[in-house]
Structure formats: C-alpha cells, structure tokens
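One structure is given here, and the rest of the page talks about it.
The values are calculated or read from the model by the stated rules, or taken from the named source; none is laboratory data. None of these values were measured; they are calculated from a predicted model. Glycine also receives a Cβ, built like all others from the backbone with ideal geometry; neighbour counts cover every protein chain displayed. Quick note on the areas: whole protein, heavy atoms, side chains included, nothing else; ligands and nucleic acids left out. Shrake-Rupley method; radii C 1.70, N 1.55, O 1.52, S 1.80 Å.
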Amino acid sequence: RGELQASAGEAAEVCPGCHCVPEGIVVLGINRAYGKNALSKNLLKMLSKAVDALKSDKKVRTIIIRSEVPGIFCAGADLKERAKMHSSEVGPFVSKIRSVINDIANLPVPTIAAIDGLALGGGLELALACDIRVAASSAKMGLVETKLAIIPGGGGTQRLPRAIGMSLAKELIFSARVLDGQEAKAVGLISHVLEQNQEGDAAYRKALDLAREFLPQVL
C-alpha cells in the first residue's frame, strides 16, 4: 500500500451516519504508519500529485483529509529524514512543505481535516490549510516547533492567528502548547469535537456527514 490513498466516492445515494462515500466526495488518506504520517519527500510528492489532479476535476465537490493510521493524523515534517539532508536540501524541503500546504488551501472546493489523532507542527499546518477542522476529543494539536528552536514553516504563523486570533496564537506558538480536542474547540481551532469511538474514526465520520451536506441537493 502507498503512503497516500486517494479514494473517490461512487455511492449513488446519500445515507447519513453510514460509511459509504457518495459521488463527489474525495478522501485523501495518509498511511505512513512507520513514520507517524510525518511529511517526507515522498509523501509530499504524492500529496502534490494528488492535489494537482483534484484542482481541475469538475466532479469533485468536497475533499476530506484523514489518516489511515490509528491515533495519528500527521506528526509534522519528517525530522529524521531532514537530519540526513545536506544543508542545501533543507531550504527546498521546507519550501516544498509550504507549497503543498498552500496548494491545499487554494483548492477550489471545500476541504475538511478529520483529526482523529496527533496533529503536530506541519501536521497541524496541514489541517489549518483546510476550510473546516473536526477532531476527536482525544486528539492532540499544536505548533511545537519552538521546542526545537525553529519556527513553523508551513504557514501556521499566518493561519493560526486567522483561526483563533493573534494574541492567543502567539501564546500557543511561543509556548509550543499542545491542546486536546475539547481545548481546541474552546479556542475556535476546530469546528466540531467528538468522543472517539472504538474504530478510532469519529472525526472522519463527522467529516463525511459534513461533506454529504455540502453536496448539491437534487430537487
């Protein structure tokens, strides 16, 4: 299996509460378990290719970004891979992360981040690029880069203030504080918080329900 699964809905009927994905909804599932879904060169390449294809697909109405790995949304940039890079490669690598995240933010259809687990650093920046964020109460979210003596490089310093206000965003970035789902909902970082289910996909199920609402209604 690849590190990114792109699945387009084919179900003809909309049935709220079930797992079927109706036509018009595309699910991008990150599946890089051994790296906690960290953004590697290869995963960025796959994300970029998928997003480029979706830009011009007129059949797509909503895109959901989720994780196929239990307990993890995205752990941010792959720092192990980055540590092995030559100094001349680091700048372009960070620029590529920012570019892919910007491309997601600029998609012409609604995007939903389904956060069923850890979303740290670039992982939260990926979620911030989406129009709507939903999360399980057990999820953990934060821009933690300052703990590593670096700053968020994927647009988080711009998008977090837009979501929750300048002062609080600065506080969270300066402290590298990590919020759970309830705390994230309280500050306006996410739109919906849900108790996690046995399958570990409560946020994804809510994202599917929202995506169904966004589909054109046939009269």
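For region 4-213, carbon and sulfur atoms together expose 52% of the accessible surface, with a 1.4 angstrom probe and every protein chain in place. In terms of packing, defined here as the mean over residues of other Cβ atoms within 10 angstrom, the peptides 95-104, 109-118 line up highest first as 109-118, 95-104. Taking amide hydrogens as placed 1.01 Å from N in the peptide plane, the amide H of Ile72 sits under 5 Å from those of Leu118, each at least 5 positions away in sequence or on another chain. Computed with a 1.4 Å probe over protein heavy atoms only, the accessible surface of region 105-181 comes to 38 Å² per residue.
In the set (i) 1.83; (ii) 0.97; (iii) 1.15, the label that goes with Cα Rg over 2.2 N^0.38 Å computed for this structure is (ii). Counting only alpha carbon atoms, the long axis of helix 166-175 and the longest principal axis of the chain meet at about 60°. To test your reading of the geometry: what angle, between 0 and 90 degrees and rounded to tens, separates the Cα axis of helix 202-214 from the longest principal axis of the chain? Rounded to the nearest ten degrees, it is 60. Cross-link pairs exceeding 26 Å in C-alpha to C-alpha distance, out of Lys140/Lys170; Lys96/Lys185; Lys96/Lys170; Lys36/Lys58; Lys59/Lys206; Lys49/Lys170, comprise Lys96/Lys185; Lys36/Lys58; Lys49/Lys170.
For the Cα atoms of the chain, what angle does the longest principal axis make with the long axis of helix 87-105, in degrees from 0 to 90, nearest 10? Helix 87-105 and the main axis of the chain meet at about 30 degrees.
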